[in-house]
Amino acid sequence: MSPPVEIPGLSFGATQTAVERAIAELRSGRPVVIGFEDQALLVIGVEALDAGIAEGFTALGPGLGRLVLPAPRLTRIGAPRSCAGSIALPDMDLARIETLALRIDGRIDAPVALATPLDRAALELLGFALLLPAAVVTPIAGDALPHLLRVEKEDIAAFHSEQVRSLHVVGRAPVPLEGAVDTEFVVFRGGEGLRDQVAVVVGKPDLTQAVPVRLHSACLTGDLFGSLKCDCGDQLRDTVQRMARSSGGILLYLDQEGRGNGIANKMRAYQLQSQGFDTYEADAALGFDLDQRRFDFAAEMLRQLGVAAVEIITNNPQKIAALKAAGIDVVADRRVLGRPTAENVRYLASKRDRAGHYIDFDALTARASD
């Protein structure tokens with residue numbers, strides 16, 4: 001067989017390509033192989049596991065399968081951990097796997113082993129795919145299953161930074177908004193997974209000065225439908241109007257639904273909230289940490305727009321710290337208030353008490369009475 005031919009202009013980064021394909025495979029319910037040197041691990045997300053796939057895993061290595069779970073889920077089911085772990089699967093008992101990985105009343109029923117580097121890579125890949133952080137895995141020979149997509153552990157580890165480096169503008173146009181007629185949308189490709197990100201440039205901000213900036217994570221329920229469970233829609237519209245009334249600014253509309261967990265997992269968390277969990281308890285029960293979002297790509301968006309210094313509009317100290325860590329000069333931070341409702345007051349209190357958000361309930365009450 002002739003060696004592969006490299007064609008100038010058609011050689012793509014192997015790191016990104018392999019991981020992007022693995023994300024697509026997992027989201028389509030198909031297993032992938034994660035490799036590292038002479039080791040290999042067959043991986044499927046628990047969401048996609050069915051009797052047929054379970055039978056295939058068993059045939060490859062009877063009794064070798066494991067269920068990999070992150071620390072928050074292990075803690076929820078009675079095995080407190082500070083890092084991910086795995087539980088042996090002597091047989092592929094679908095009901096047991098569902099109980100351990102998904103059921104709110106699930107309880108640990110076997111010893112928990114420390115997750116291996118390949119186990120942790122499997123959970124990270126599921127996170128990129130916006131799937132539940134629960135993987136069924138089994139070790140295989142490195143050259144087994146050549147028909148399945150293989151991705152290397154190092155490529156998974158490098159994927160996020162590669163996405164940031166590849167961020168680029170793919171389209172821009174004026175989009176007059178209610179209360180902010182002089183507005184331009186700038187669309188970037190890259191950053192988080194395979195999604196596009198949008199910079200909403202309001203007015204003509206002076207890029208030689210600190211620019212008012214908000215990093216706003218997309219919230220379908222709040223931004224579009226006016227959900228009473230959060231204050232996201234209020235924050236979005238109030239920020240844009242505030243920028244329009246002053247010297248302008250930039251709102252980065254980031255595709256990070258559900259604190260980076262995705263819309264499906266957000267709805268799972270909402271269901272748990274309806275049963276009495278607060279927003280962070282619900283995420284932890286599903287296996288998620290307090291916040292899955294990263295903001296280094298937001299800093300890169302600002303740099304490509306010519307912004308070096310900002311006055312950030314946020315209640316979230318994580319966003320402030322992230323921009324500073326990425327080299328953006330944060331000269332000031334301002335608060336943004338939503339409307340308190342009977343449905344969102346516990347959510348707001350949880351953000352203040354569990355994640356350290358700067359939320360002044362006296363100011364919120366004053367706004368509600370306006």
Query raised in the report: Any idea what the dipole of the chain comes to, in debye rounded to 20, about its Cα centre with Lys/Arg Cβ at +1 and Asp/Glu Cβ at -1?
Result: 720 debye
Query - Estimated FRET transfer efficiency (GLN241, ILE104; beta-carbon r; R0 41 Å; 0.05) - result: 0.50
Query raised in the report: What is the mean projected area of the alpha carbon convex hull for region 227-370, to one decimal in square nanometres?
Result: 9.1 nm²
**Report entry** Calculated FRET efficiency for the pair ARG334/ARG81, C-beta based, R₀ 51 Å, to 0.05
**Finding:** 0.85
Query raised in the report: Computed FRET efficiency, Cβ-Cβ of LEU145 and MET267, R0 30 Å: what is it to the nearest 0.05?
Result: 0.35
Query raised in the report: Using θ = phi - 60° and the Karplus curve 6.51 cos²θ - 1.76 cosθ + 1.60, what whole-Hz ³J(HN,Hα) does each residue of region 174-188 get, with Gly and Pro shown as x?
Result: x, 9, x, 10, 4, x, 8, 5, 8, 9, 10, 9, 10, 9, 10
Query raised in the report: In sequence order, what are the phi-derived ³J(HN,Hα) couplings for region 228-240 according to the Karplus relation 6.51 cos²θ - 1.76 cosθ + 1.60 with θ = phi - 60°, rounded to whole Hz, with x for glycine and proline?
Result: 8, 7, 9, 10, 5, x, 4, 4, 4, 5, 5, 5, 4
**Report entry** Measure of compaction for region 14-159 (Cα Rg per 2.2 N^0.38 Å)
**Finding:** 0.96
Query - Gain on full stretching of the segment that runs from PHE361 to GLN209 - 0.36 nm per residue minus C-alpha separation - result: 51.5 nm
Report summary line: Straight-line reach check, LYS229, cutoff 17 Å on alpha carbons, 8 or more apart in-chain or any other chain, hits among lysines -> LYS266, LYS351
Query - Degrees, to the nearest 10: 153-166 long Cα axis against longest axis of the chain - result: 20 degrees
Report task. Assuming a ≥ b ≥ c are the square roots of the Cα gyration tensor eigenvalues, decide whether region 145-286 counts as rounded (a/c under 1.5), prolate (otherwise, with a/b larger than b/c) or oblate. Result -> oblate
Query raised in the report: Sorted by average packing, counted as other Cβ atoms within 10 angstrom per residue and highest first, what order do 154-164, 352-362 take?
Result: 154-164, 352-362
Report task. Based on other C-beta atoms within 10 Å, arrange LEU215, LEU323 from fewest to most. Result -> LEU323, LEU215
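Just so you know, all these numbers are worked out from the coordinates, no wet-lab data involved. None of the values given here were measured: they were computed from a predicted structure. Reconstructed Cβ throughout: ideal geometry from the backbone, glycine too, with neighbour counts over all protein chains shown.
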